Every structure is written in C-alpha cells, then in structure tokens.
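The values are calculated or read from the model by the stated rules, or taken from the named source; none is laboratory data. Please read these numbers as outputs of a predicted model, since none were measured by experiment. For neighbour counting, all protein chains shown are included, and Cβ atoms are generated from backbone atoms with ideal geometry for every residue, glycine included. Side chains are part of the model used for accessible areas, which takes the heavy atoms of the whole protein and leaves out ligands, DNA and RNA. Shrake-Rupley method; radii C 1.70, N 1.55, O 1.52, S 1.80 Å.
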Amino acid sequence: MENRVAIYQDACRRGMDWMLQYGREDGAIGPVEERLFYYRVPWVFALMGEQEAAFRKLDWIKQHMFTSGGAFEGVSPQKIYTERYGSYPLACLIVGALLNQRLDLVYPGVRALKGWQDNQTGGVFNCRSDQDATGEQELFPTAQFGMTMLMAGQIEAAIKAGAWMDRLWALQPDPDHRLYHVYSSQQQRLVIDVAEENEPLYITRKDHPWQHHFNGGIAAAFLTNLYLGSSDRKWLDLARQYQSFSMTTDACQFESMQICKSGWGSGLLYVATRETAYRDWTRRIGDWFLSHQYPDGHWENTPYWNPNPTISDNIEITTEFIMHLSHISMHLSVE
C-alpha cells in the first residue's frame, strides 16, 4: 500500500509542477480574465505544501475577486455560475482559505455562503436570482456546501444539508438505474420532467457514460464527513446508499472524467469503516487517475464535453484531480 500511495503522491506533485508554470507575478494563475476557473487552487496549494503560492493567490483573490460581503466576484466572469451551481466556487474557495488560515476570507465567505441555503429544505439554490420558492436546488453544490460548513464549524447548516440529501434519496423513484439530483422547493419534489437535451443536468443514469457520475461520490463524501463530525449513524447509512449508486453504475462511467468524485466518497467510507470493498474501489479510482494523466503532469476533461480544452480548462480539472488523488492517498494511508 505504501508504494501505491507514493505513486499517487508523485502524480500529484507532477500535476502541481505543471500548474505552477502558469503562476503570475501578481499572484494570479492562468488567464483569469477569461472566467472563474481557479476556485480550488488555494485548496490544492495547501494540500501540496505550496504555502507561499497559496498566500499570494489568496491575496490576489481578496484584492480582485472578493467583495466586502464575502461574495466570490470581481474581474473574472462567472459564466456558468450565473445560471447554475452558483455557490460552488465560494464553497471551494473557503476550504482553501481555511486550510491556509486566512480568516479574513473565511468569516465573510462563510456568512455569504450561508445565504445560498434554503432554511426550510436545507438545500442550496442553484442561482442567486432564484433564491426563493421557485428556485432549483442541486445535489453536488449542496454536498460541497455541507462539507465546507462542517470545516467551518457550522454544524447546524451542515445537518440541514444532510436532511436535504436524505429527502432527495427518499424521493428517488428508481435508484437502481438513475439518480434524480435536482429538487424543486416550490413543488416539494424532484425535478423529473425535463427536455431530453437537458436530462444530464437533472438525471444521472447508470447505463450511459456522459452523465454527472460525480454525484454519488460527492454525496457520500459529505455524508461520511457529517457522520464523522456528529457520530450520528444515520449519515453513514445514507452515505453508503449514495456510494453504492456510484459503485454499481455500469463500467461505461469509466469513459467519463466525471467519475472523479467517486474515490472521494469511497476513500472517506474506508476511513470510517475500514471495509475492504471501499478500499478496493478507492484504489481502482486512484489507478484510473494515473491512467489519464498526461506525461507533463496535467489532466484534461472528457473530450465529449470539451473536445478543445483551453489552458483555463486544464488548470481547472488538473486542480480538481490533484485534490482528489491527494485525498485518496491520505485515505489509503490509514492502513
């Protein structure tokens, strides 16, 4: 196991070295004028021991991309985050600020992030302009919100998010084959009736590669963390169900880079349970990351979704995959 962990750590280091070449003198990284793609960079810098780069990046964000009210806004266009997943970049940024002990960003950021949560359902709204009864609430931003709140000591907000995840699972009409991952607070039900071209935004099917296969894994990661933080067994049981959805999805999921978060869920479940099924799946995902890393250290997204990736695209996904593979190496180190 030690050798495998060392190999994963070496792959993370090569990915980090590739990323560092795009660091700028002012502390930014990459073409920040294009869009918001670097929200996870301080998190990964902290994991990889790049404290100086992390502080410079956080200083740049504070000056150029952080409002007095704690919103992650400024010179970089929000792009997709104006329409969907609006809380996600801030939730990831706060983790990086926490790991780097930048409380000047953590406290206002947490206050702003809590404003995305529906106090009635516990879910996180997709869009800032629809933060009312008509707004849609989605699984993976709610899961990241919950993990960030746990790290920031906001256990009540995290438990509310966990209750939303419990409700979402209880409403599933066919979890053996598909996961409906968007909820309508107005109708108090899953969003099921969607146009065929929009189905991947609302439904994760087990039998098709081009899906949001990360949903089961990130749900399990959050719920296992909630169990570890609260000692309430029901969260562990629910984490198992979401992770089971991921681990029983057809082999076609390995064609898609969107499987990435599955190892996050299984790794944490292995830490919590020491069950070999979770260890073996985590190893499988770790090896999958290695098989898709380019010789220079970077990763790229699924060509189906992004056939012509830009530097910002590759920085974004390389940052995420370093994070996941670093966590996998930590989780497998418990043996």
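Of the conditions (1) of a type in the set (Gly, Ala, Ser); (2) open to solvent by 60 Å² or more (accessible area, probe 1.4 Å); (3) farther than 30 Å from GLN241 by Cβ, SER291 fails just one. Which one is it?
Checking SER291 against (1) of a type in the set (Gly, Ala, Ser); (2) open to solvent by 60 Å² or more (accessible area, probe 1.4 Å); (3) farther than 30 Å from GLN241 by Cβ, the one that fails is (3).
So, in the range 207-217, exactly how many residues are open to solvent by 20 Å² or more (accessible area, probe 1.4 Å) and in contact with a strand residue (DSSP E or B) (Cβ under 8 Å, 6 or more places away or on another chain)?
Residues that pass the stated criteria total 1.
Checking the structure you have, find out if any residue of the range 114-123 is over 25 Å from ALA221 (Cα atoms), part of a helix (DSSP H, G or I) and either touching a helix residue (DSSP H, G or I) at 6+ places or on another chain (Cβ under 9 Å) or at pLDDT 95 or above (or both).
Quick first cut of the range 114-123, residues over 25 Å from ALA221 (Cα atoms) only: none.
Taking every residue of the range 114-123 in turn, none turns out to be over 25 Å from ALA221 (Cα atoms), part of a helix (DSSP H, G or I) and either touching a helix residue (DSSP H, G or I) at 6+ places or on another chain (Cβ under 9 Å) or at pLDDT 95 or above (or both).
Go through the range 189-233 and count every residue that is without any contact (Cβ under 8 Å) to a residue 24 or more places away in the chain and closer than 22 Å to ASP118 by Cα. First the steps, then the outcome.
We begin by selecting, within the range 189-233, every residue without any contact (Cβ under 8 Å) to a residue 24 or more places away in the chain; these are 189-190, 192-200, 202, 231-233.
Still in the list and also closer than 22 Å to ASP118 by Cα: 189-190, 192, 202.
Count: 4.
Any chance you could count how many residues in the range 195-217 are part of a helix (DSSP H, G or I) and under 22 Å from ALA163 (Cβ atoms)? Break it down stepwise before answering.
Initial filter on the range 195-217 (part of a helix (DSSP H, G or I)): 196-201, 215-217.
Filter once more, so that each one left must be under 22 Å from ALA163 (Cβ atoms): 215-217.
Here the count works out to 3.
Is it the case that some residue within the range 56-69 is under 25 Å from ILE218 (Cβ atoms), touching a Gly at 6+ places or on another chain (Cβ under 7 Å) and among the charged types (D, E, K, R)?
Checking the range 56-69: at least one residue is under 25 Å from ILE218 (Cβ atoms), touching a Gly at 6+ places or on another chain (Cβ under 7 Å) and among the charged types (D, E, K, R).
Is it the case, given these coordinates, that LEU238 is among the aliphatic types (A, V, I, L, M), touching an Asp or Glu at 6+ places or on another chain (Cβ under 9 Å) and either open to solvent by 50 Å² or more (accessible area, probe 1.4 Å) or modelled with pLDDT of 95 or more (or both)?
Working: among the aliphatic types (A, V, I, L, M): yes; touching an Asp or Glu at 6+ places or on another chain (Cβ under 9 Å): yes; either open to solvent by 50 Å² or more (accessible area, probe 1.4 Å) or modelled with pLDDT of 95 or more (or both): yes.
It is true that LEU238 is among the aliphatic types (A, V, I, L, M), touching an Asp or Glu at 6+ places or on another chain (Cβ under 9 Å) and either open to solvent by 50 Å² or more (accessible area, probe 1.4 Å) or modelled with pLDDT of 95 or more (or both).
Of the residues GLU83, GLU34, only one is out of contact with any helix residue (DSSP H, G or I) (no Cβ under 9 Å at 6 or more places or on another chain), open to solvent by 20 Å² or more (accessible area, probe 1.4 Å) and touching a residue at least 40 places away in the same chain (Cβ under 8 Å); which?
Values: GLU34 fails: out of contact with any helix residue (DSSP H, G or I) (no Cβ under 9 Å at 6 or more places or on another chain).
Being out of contact with any helix residue (DSSP H, G or I) (no Cβ under 9 Å at 6 or more places or on another chain), open to solvent by 20 Å² or more (accessible area, probe 1.4 Å) and touching a residue at least 40 places away in the same chain (Cβ under 8 Å) holds for just one of GLU83, GLU34, which is GLU83.
Being open to solvent by less than 20 Å² (accessible area, probe 1.4 Å) and either in a helix (DSSP H, G or I) or touching a strand residue (DSSP E or B) at 6+ places or on another chain (Cβ under 9 Å) (or both) is the filter here, so list the residues in the range 90-107 that pass it.
LEU90, ALA91, CYS92, LEU93, ILE94, VAL95, GLY96, ALA97, LEU105, VAL106
I'm told GLY135 meets every condition in (1) open to solvent by less than 10 Å² (accessible area, probe 1.4 Å); (2) more than 24 Å from HIS327 (Cα to Cα); (3) out of contact with any Cys (no Cβ under 8 Å at 6 or more places or on another chain) except one. Can you identify the failing condition by its number?
The single condition GLY135 does not satisfy is (3).
State all residues of the range 168-206 that are aliphatic (A, V, I, L, M) and open to solvent by 10 Å² or more (accessible area, probe 1.4 Å); if no residue qualifies, say none. Full working, then the answer.
Narrowing the range 168-206 to residues aliphatic (A, V, I, L, M): 168, 170-171, 179, 182, 190-192, 194-195, 201, 203.
If the condition is that a residue be aliphatic (A, V, I, L, M) and open to solvent by 10 Å² or more (accessible area, probe 1.4 Å), then ALA170, LEU171, VAL191, ILE192, VAL194, ALA195, LEU201 are the ones that fit.
Name every residue in the range 141-182 that is out of contact with any Ser or Thr (no Cβ under 9 Å at 6 or more places or on another chain), closer than 17 Å to ILE192 by Cα and assigned to a helix (DSSP H, G or I), in order of residue number.
Answer for the range 141-182, where residues must be out of contact with any Ser or Thr (no Cβ under 9 Å at 6 or more places or on another chain), closer than 17 Å to ILE192 by Cα and assigned to a helix (DSSP H, G or I): TRP169, ALA170.
Looking at THR318, THR302, which is the one that is touching a residue at least 60 places away in the same chain (Cβ under 8 Å), open to solvent by less than 20 Å² (accessible area, probe 1.4 Å), in contact with a helix residue (DSSP H, G or I) (Cβ under 9 Å, 6 or more places away or on another chain) and not in a helix (DSSP H, G or I)?
On the way: THR318 fails: not in a helix (DSSP H, G or I).
Only one candidate passes the filter, namely THR302.
Using the structure shown, decide if GLN186 is free of Cβ contacts under 8 Å to residues at least 60 places away in the same chain, part of a loop (DSSP other than H, G, I, E, B), farther than 26 Å from ILE61 by Cα and touching a Phe, Trp or Tyr at 6+ places or on another chain (Cβ under 9 Å). Break it down into steps so the answer makes sense when it comes.
Numbers: free of Cβ contacts under 8 Å to residues at least 60 places away in the same chain: yes; part of a loop (DSSP other than H, G, I, E, B): yes; farther than 26 Å from ILE61 by Cα: yes; touching a Phe, Trp or Tyr at 6+ places or on another chain (Cβ under 9 Å): no.
Against the criterion (free of Cβ contacts under 8 Å to residues at least 60 places away in the same chain, part of a loop (DSSP other than H, G, I, E, B), farther than 26 Å from ILE61 by Cα and touching a Phe, Trp or Tyr at 6+ places or on another chain (Cβ under 9 Å)), GLN186 does not qualify.
Quick one: would you say HIS331 is in a helix (DSSP H, G or I), in contact (Cβ under 8 Å) with a residue 60 or more places away in the chain and open to solvent by less than 10 Å² (accessible area, probe 1.4 Å)?
Numbers: in a helix (DSSP H, G or I): yes; in contact (Cβ under 8 Å) with a residue 60 or more places away in the chain: yes; open to solvent by less than 10 Å² (accessible area, probe 1.4 Å): no.
Considered against the rule, which asks whether it is in a helix (DSSP H, G or I), in contact (Cβ under 8 Å) with a residue 60 or more places away in the chain and open to solvent by less than 10 Å² (accessible area, probe 1.4 Å), HIS331 comes out as no.
When only residues in the range 218-232 that are open to solvent by 10 Å² or more (accessible area, probe 1.4 Å) and either part of a helix (DSSP H, G or I) or among the small types (Gly, Ala, Ser) (or both) count, which is farthest from PHE145 (Cα to Cα)?
So the first thing to find is which residues in the range 218-232 are open to solvent by 10 Å² or more (accessible area, probe 1.4 Å), and the list is 225, 227-232.
Checking which are either part of a helix (DSSP H, G or I) or among the small types (Gly, Ala, Ser) (or both) leaves us with 225, 227-231.
Details: ASN225: 12, TYR227: 15, LEU228: 16, GLY229: 15, SER230: 16, SER231: 19 Å.
The residue in question is SER231.
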